[in-house]
Every structure is written in C-alpha cells, then in structure tokens.
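*Asks:* My questions all concern the structure below.
Bear in mind that the values in this text are calculations on the coordinates, not laboratory data. Note that the structure is predicted; figures quoted are calculated from it, not measured. For neighbour counting, all protein chains shown are included, and Cβ atoms are generated from backbone atoms with ideal geometry for every residue, glycine included.
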Amino acid sequence: MKILVCVKQVPDSWSERQLTAEHTLDRGAADRVINDLDTYAVEAALQLQETHGGQTIALSMGPELAEDAIRKALQMGIDEGVLVTDAALAGSDAIATSLALTKAIEKVAPDLVIMGVESTDAKMSVVPAMVAERLGWPMLTLATSVVIEGVNATITRQTAAGHDVVTADLPAVVSVVEKFNEPRYPSFKGITSAKKKTVDHWGIADLGIDAATVGTGGSATTVAAAVARPARSAGVIIEDDGTAVAALVDFLAQRRLI
Amino acid sequence: MMNAVVVLVDVVDGALTKPSKELLTLARRHGSPVVVAVDTAADAADFGADVCAVIPAVALAEPVASMVDVLAAVCAEHSPALVLMTSTIECKEIAGRLAVRLGGGVVTDAVDVKEGLVVVQPVFGGAITLDATVRGTAVVTMRPGSVEPEASAGAGTPVVLTAPATTRRTVKVLERVAGARSSRPDLAAADVVVSGGRGVGENGFTMVEQLADALGGAVGASRAATDAGWIDHKFQVGQTGTTVSPQLYVALGISGAIQHRAGMQTAKTVVVVNKDRTAPLFDLADFGIVGDVASLVPAIVAEIAARRA
C-alpha cells in the first residue's frame, strides 16, 4: 500500500504574521514551521504503515524552503518526499493549489491520501475537499481513527453529540483531526536517517500543468485590500474589591446583554 | 430579472436556523434568493426566499457529495454570481467541491459581502481583514453572527428537486450514534459564549456551565482545559477549535494565548476574569475583573439571578 500525506509549511502562529504589499502571506516575516495539524496526518500514515507495510510519501507545495516541512515528516519516519515548487505557483489560491497538488498525487498514484483538517495560516480547510473533487475520489472527513480492510477505508468521526462510522473504497482521501493521536517526536535515529532520504522537486512542467491555471493568474480569488484591525479601545479593568460583581452586572445590563 | 443568489439553508425543529436567516438577509442585498433545503424550507419565504427548492433527505446518498450534485444542478439552472452557506465543517467541504465543479472560487469564514460582491474575510484571528473578489461564481461560507437577520417576504415558489445521477464512488455511513442533544445553544452560532481555562481548575466547569446558563449561552474552553481532560475537545475555542463571534464572550481563568484569541477576538463584547493582571486577554477586555474565578463566578450568577427576580 502506498500512503501519501500532505504537509504544509506555515508561519508559526506564535509569532507575528504579516502580509506582503500584494496582500499575500509574507513567508519571510515569521518563523516557518510544519503546520501543526499536519503532524497528526503524518502520525496516522506511520501507524497505518506499521500495520499494513507499504510506502509513505510526504507531499508539499511551496518555495524551496518548504522542504523543511517535508524533512520534519521524514524525521518522524515518512519514507520519502515530494516538493512541488515553481515560481509560477506563487500567489496560488485554494483552487490553484488544489490543482497542483492533484497533479502531483496523480503522478504518485497512492492508495490513500491523508491530510490535516486545515492549516493554521489560511484556515480555509477547503483544499482537501477540492483535491478529492478533482481526483474524483471519496473523502472521509474529520477522522479520529482510520482502519484499512482490503479495499476499504473506514473512519470514525466525532459529531456534535455522538459519532459516525463512515467507509469508502480505496483510493480515498482522509482528513484527520487532532484528536486522532499524539504525533511522535522524531527520534535521534529518525533525524539522522532523514538526511539520507530523497525529496524530489517537481516543477509545473514535470506535472503537465499550464502556467495560466496556477499562481496569481490561475487563482479565482483576488485580494483587493487588506486592513489591519483597529486596536480595541481600552476597556475597564478593576480589582476585585467587593464591588466588582455588581459593576460587571451593571455593565452587562447597560449593554443589554442580560 | 434580478440575479439569483443560491443559499443553502438549515432547518431545525421546523424553523430556519438563525445563521440561515442571516444568509438570506445578506442574499437579498445582492439578488433574488434561491433557497436549497433538505426536506423543508420552513419559513424561508418570510426571510425573502423567492424560490424554495427542497431535496428529500432520502434522495441524498451522501450528506456532502450528493448535496454538491444538487447545488451544481441548481446553479446550472439559475447561473448565480454568488452562493452562500454557513461556515460549518460540512459546508466548507461542500463549498470547496462546488467551486471546483463550477470553476469558481471560495472564500470561507466571511463576515460580509459588500456591493460588487466584495467578500470581507478576517484572517490571522481577526488581526487583518481582507477584501476579496472572486472570478466566476463566488462560493462564500459566512461566519454565524455576522449579519443582523431581518424578515422580508419573498415569493417562496416551491420546487421539489431530484438527486442528479452520479457515477461517483460513494461514501457510506455504517453507523450513526447520536448522543443526547445539549439544551445549550451551538457554540459556533451562540450569541453568548462563556469559556473556562486553566484558571478554573479541574472541577471548575460546573460553574462555567452555571454562568453560561444564567446568560443563555454556550460553554467553551481553552486548549489548556481540553488538553487537561477537564472538558471535551469539541468545546475548544481557538485556532484548532471553533471560531466564535458572539455578542458577548466571557473568559474565565484564560490567559489568552494567541491561538485562543484567534478564535474569539471578533466578539462584540469581551469580559475577562483572571487573577493574573498580566494575562494578555485583558488587552481585549471591554470589562475585566482581576480576582479569583472560584469566588467571583458564583457571585456573578447570584447577582444576575437577583436582578431578574
């Protein structure tokens, strides 16, 4: 079995994030890390490989530096990596990104694609669904567990009050939530062996992608303006001196909140 | 003829949900609302629906992919420039697939659609607001609580839809276990959210619930509290949990890591109670009390009850 896991490099959400003058993400402005939620997808892929054997591949799209996110997945134990990188891809929105990822997935031809439920930067969480739609594959969303039996993938997902058990034939796309598991830390051996693992770099020509369908030109959404939120005007902060409770309830009543 | 705006609505207990009424109110500003609903469109005509297209639940083989088929067919008939739905996980999947199908674009978690179909989307936890335009059909998911719902009569022409034929490989639901439904409002759409964090302690969520109930609100939590196992993960507010935009957000014993603020800082009014005056969340507070949550919260609950008596 061949399992492909998508990872993304994002600005660390603990640091200050900024946009460029063109309103795209300023990838130089903040520390770059692997998208936290994608490490759960990596863990899921590794657990399935431990049970079923086969091969694991980490796929990412981004500038050359995004290879760091793939290396993190390789340190955790993924076998090899693919980075889709090309100047023509800069400024791609979700639609264009999903096209490039889909072409790379078709080239790898895995049995299962695993993704984190969303990235902490764009937070759109639509790319997995777009990829599934383009591939024409079923998608099992928000998995807290995945079981592979023969040609079937079956997942459990939490719902508002209970849970669903959902199944589909392979090949399929699965998105996992952080309740899935605790991602492993890379071992010393993992870190050493990751240095020897292969990461292929594919450009759009390698994937047969027309430059007009990706990047800023191939994107359906354009950001016309970006405005920083005005600072909140300072509120009232009081010490609990015995009158604080009455003052709070007065405040709530004034704003018609009770 | 006015442009159609296709709106996917939710009906619970025989009435449109509040987020669905918000969608219709927004849709009317941009054209003639064509509602798509499962089983019944309920009171959609009272909120301006000109067409109420209903698909029987039994005709939907899959909750998401089949709905994409239905919406794609409705869009083929009405050629909308705008499709609106609520920002839920399920709708985001529908939106992503539909945009691919229509060759359009998606904006999720929007708070407004302005004249000329300029979609307003807060990013980085509300620190920056983007004005986005979409080439082709704009598929937009709206954050609940962003629009004030207003009633307005529409033609409400009923249409019964059939599921389009598909050769797609399907997802099958083997088992659906529904637990007890909470009597509290849904976290994502609640007007009032009361959240607890590390500072409320292991046994403190009872008082968080008591204050939520006193204010008619939903219960939320910080990641510290859910990771500690004091409350289920589904209550987590923040970057990796639910994003909320309520009229009132009350944070009890939450210091306010950037990940938490990302999920709540578009709340209209923020109240913070924390014994640590240096907690970063005080920067967002419209009203803050520096003091002990364990003694203050029961007193607040009692004071609210006393004023109502």
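*Asks:* Under the Kirkwood approximation applied to all pairs of distinct alpha-carbon atoms, what is the hydrodynamic radius of the range B:1-55 in Å? Don't skip to the answer; put the middle values down first.
*Replies:* On the way: mean 1/r = 0.0939 Å⁻¹.
Kirkwood hydrodynamic radius for the range B:1-55: 10.7 Å.
*Asks:* I've got another one for you. What ranking, highest mean first, results for peptides A:105-117, A:208-220, B:247-259, B:154-166 when packing means the other Cβ atoms within 10 Å averaged over each residue?
*Replies:* Going by the mean number of other Cβ atoms within 10 Å, highest first, we get B:247-259, A:105-117, A:208-220, B:154-166.
*Asks:* May I ask for the Kirkwood hydrodynamic radius of the range B:67-131, worked out over all distinct Cα pairs and given in angstroms to one decimal?
*Replies:* Here the Kirkwood hydrodynamic radius works out to 12.7 Å.
*Asks:* Under the definition of Cα pairs under 8 Å and six or more residues apart, what whole-number percent is the relative contact order of the range B:252-309?
*Replies:* Rounded, it is 32 percent for the range B:252-309.
*Asks:* Checking the cross-link filter: which lysines have an alpha carbon closer than 17 Å to that of A:LYS189, excluding same-chain neighbours under 8 positions apart?
*Replies:* Qualifying lysines at Cα under 17 Å: A:LYS72, A:LYS197.
*Asks:* If amide hydrogens are placed 1.01 Å from N in the peptide plane, which non-local residues have theirs closer than 5 Å to the one on B:THR269?
*Replies:* Counting only residues 5 or more places away or on other chains, the set is B:LEU248, B:TYR249.
*Asks:* Over every pair of different alpha-carbon atoms in chain A, take the mean of 1/r and invert it; report that Kirkwood radius in Å.
*Replies:* Every distinct Cα pair counted, the radius reaches 20.2 Å.
*Asks:* Sticking with this one: Please report the net charge: other residues with Cβ closer than 15 Å to the Cβ of B:GLY201, K and R +1, D and E -1.
*Replies:* -3
*Asks:* Provide, for q = 0.14 Å⁻¹, the log10 of I(q)/I(0) from a solvent-free Debye sum over equal Cα point scatterers in chain B.
*Replies:* Per q value, in the given order, log10 I(q)/I(0) is -1.06.
*Asks:* Additional query: Please go through the residue pairs A:LYS195/B:LYS234; A:LYS8/B:LYS18; B:LYS18/B:LYS114 and name each one whose alpha carbons sit more than 27 Å apart in this structure.
*Replies:* From the list (A:LYS195/B:LYS234; A:LYS8/B:LYS18; B:LYS18/B:LYS114), the Cα-Cα distance tops 27 Å for A:LYS195/B:LYS234; A:LYS8/B:LYS18.
*Asks:* With chain A treated as a Gaussian network of Cα nodes joined by springs under 10 Å, which of A:ALA244, A:ALA234, A:ALA226 yields the largest mean-square fluctuation?
*Replies:* Its mean-square fluctuation being the largest, the pick is A:ALA244.
*Asks:* Relative to the longest principal Cα axis of chain B, at what angle does helix B:205-214 sit, 0 to 90 degrees, rounded to 10?
*Replies:* 60 degrees
*Asks:* Which whole-percent values make up P(r) of the range B:145-195 when all C-alpha to C-alpha distances are grouped in 10 Å steps starting at zero?
*Replies:* All Cα pairs considered, the percentages come to 13, 20, 27, 36, 4.
*Asks:* Can I ask one more? Over the Cα atoms of the protein assembly as shown, how large are the radius of gyration and the largest Cα-Cα distance (Dmax), in Å?
*Replies:* Rg and Dmax of the protein assembly as shown, Cα atoms, are 23.7, 73 Å.
*Asks:* Suppose we take every Cα in the range B:13-103 and form the convex hull; what volume per residue is that in Å³?
*Replies:* Values: hull volume 8.6 nm³, N = 91.
Spread over its residues, the Cα hull of the range B:13-103 gives 95 Å³ apiece.
*Asks:* In nm², what is the average projected area of the convex hull enclosing the Cα atoms of the range A:219-258?
*Replies:* So the Cα hull casts an average projection of 5.7 nm².
*Asks:* Give me the dipole magnitude in Debye, nearest 20, for the protein assembly as shown about the Cα centre, with unit charges on the beta carbon: positive for Lys and Arg, negative for Asp and Glu. Could you put the intermediate results ahead of the total?
*Replies:* On the way: 47 positive and 64 negative charges, 49 e Å.
Dipole magnitude for the protein assembly as shown comes out near 240 debye.
*Asks:* In whole Hz, what ³J(HN,Hα) sequence does the range B:16-21 give by Karplus (6.51, -1.76, 1.60; θ = phi - 60°), x for Gly and Pro?
*Replies:* With coefficients 6.51, -1.76 and 1.60, one gets 4, 6, 4, x, 5, 5 Hz.
*Asks:* Still on this structure, I have one more. Separation of the range B:249-309 and the range A:78-151 by C-alpha centroid, Å?
*Replies:* 39 Å
*Asks:* Considering chain B as a Gaussian network with a 10 Å cut-off on Cα pairs, which listed residue, B:THR129, B:THR40, B:THR206, attains the greatest mean-square fluctuation?
*Replies:* Sorting by GNM fluctuation, first place goes to B:THR206.
*Asks:* How shielded is A:246-255 by partner chains, expressed as the average number of their Cβ atoms within 10 Å of its Cβ atoms? Numbers along the way, then the final one.
*Replies:* Details: counts 5, 2, 11, 7, 3, 4, 11, 2, 1, 7.
For peptide A:246-255, the averaged partner shielding equals 5.
*Asks:* Still on this model: Given H placed on each backbone N at 1.01 Å, which residues far from A:VAL199 in sequence or on other chains put an amide H within less than 5 Å of it?
*Replies:* Placed amide hydrogens put A:GLY81 under 5 Å from A:VAL199.
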